[in-house]
């Protein structure tokens, strides 16, 4: 019995590893964030396995069921819609429950959106802090205030309809001259990275609102 955490491509399906394909083809069942999205990937890979949902809304309840299957001797893979499970996606609770029950957990290396965005930014990569998604409302300002003095490079995930709000708040809390890099649609056909001061990048997206699409990673330089 073993739980495998299998990273999936963040866009370009060619980024799946040979090892990931072998594991997905060998396990007894696959649990996925969205069975429709993952079903398309498995079809592309010509893999047919029982596929079940394991997402943010059923993660607490679902972990016990997965552990039960593992204790019965099943091997299970957990995948998210894109990237590595548990990185701003479901997975942490299941891993914790498996470890509590002495179930072996193995995480394969693979795609994670913040790594190419960080390296592409041109900011220091030796020390950085991954902040994931900022709170939508409660705690958002407190988090930003706490990061105002952060000297390490900061990485955020953001949705298209909150990008302008985030850039405006970065200007307010970090300063309009703080350097920032915004990457979107990483590994996909329309991949784009815009770099400059917070104000310059904000001006760019105010002038080009139709380009604010897809998954977004924001990398912010630390305070000098």
**Fill in**
Restricting attention to the stretch 61-94, the residues that are touching a residue at least 60 places away in the same chain (Cβ under 8 Å), assigned to a loop (DSSP other than H, G, I, E, B) and over 16 Å from residue 49 (Cα atoms) number exactly 9
**So residue 186, is it in contact with a helix residue (DSSP H, G or I) (Cβ under 8 Å, 6 or more places away or on another chain), assigned to a helix (DSSP H, G or I) and under 25 Å from residue 115 (Cβ atoms)** = no
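Can you tell me how many residues in the stretch 4-36 are assigned to a helix (DSSP H, G or I) and more than 19 Å from residue 55 (Cβ to Cβ)? Steps first, please.
First, the residues of the stretch 4-36 that are assigned to a helix (DSSP H, G or I): 13-15, 18-26, 35-36.
Add one more test, that the residue is more than 19 Å from residue 55 (Cβ to Cβ), and what stays is 13-15, 18-23, 25-26.
Here the count works out to 11.
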**Item:** Subset of the stretch 181-192 that is in contact (Cβ under 8 Å) with a residue 24 or more places away in the chain and surrounded by fewer than 15 Cβ atoms within 10 Å (Cβ to Cβ) - its residue that is nearest to residue 81 (Cα to Cα)
**Value:** 188
**Message:** Checking the conditions here, which among 162, 140, 178, 152 is within 21 Å of residue 87 (Cβ to Cβ) and in contact with a strand residue (DSSP E or B) (Cβ under 7 Å, 6 or more places away or on another chain)?
**Reply:** 152
**Asked** Quick one: in the stretch 41-59, which of the residues that are assigned to a helix (DSSP H, G or I) and touching a helix residue (DSSP H, G or I) at 6+ places or on another chain (Cβ under 9 Å) is farthest from residue 76 (Cα to Cα)?
**Response** 44
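Looking at 165, 145 in this structure, which one is modelled with pLDDT of 95 or more, in a helix (DSSP H, G or I) and either assigned by TED's automatic domain parsing to the domain that holds residue 24 or surrounded by fewer than 13 Cβ atoms within 10 Å (Cβ to Cβ) (or both)? Let's see the steps before the verdict.
On the way: 165 fails: either assigned by TED's automatic domain parsing to the domain that holds residue 24 or surrounded by fewer than 13 Cβ atoms within 10 Å (Cβ to Cβ) (or both).
Just a single option satisfies the conditions, and that option is 145.
Examine the stretch 193-203 for a residue that is assigned to a helix (DSSP H, G or I), in contact (Cβ under 8 Å) with a residue 40 or more places away in the chain, over 17 Å from the mean Cα position of the chain (by Cα) and closer than 27 Å to residue 83 by Cα, and state whether such a residue exists.
Initially, the stretch 193-203 is screened for residues assigned to a helix (DSSP H, G or I), giving 198-203.
With the extra rule that they be in contact (Cβ under 8 Å) with a residue 40 or more places away in the chain, the set shrinks to none.
Taking every residue of the stretch 193-203 in turn, none turns out to be assigned to a helix (DSSP H, G or I), in contact (Cβ under 8 Å) with a residue 40 or more places away in the chain, over 17 Å from the mean Cα position of the chain (by Cα) and closer than 27 Å to residue 83 by Cα.
The values are calculated or read from the model by the stated rules, or taken from the named source; none is laboratory data. Note that the coordinates shown come from a computational prediction; the quantities given were computed from them, not determined experimentally. Reconstructed Cβ throughout: ideal geometry from the backbone, glycine too, with neighbour counts over all protein chains shown.
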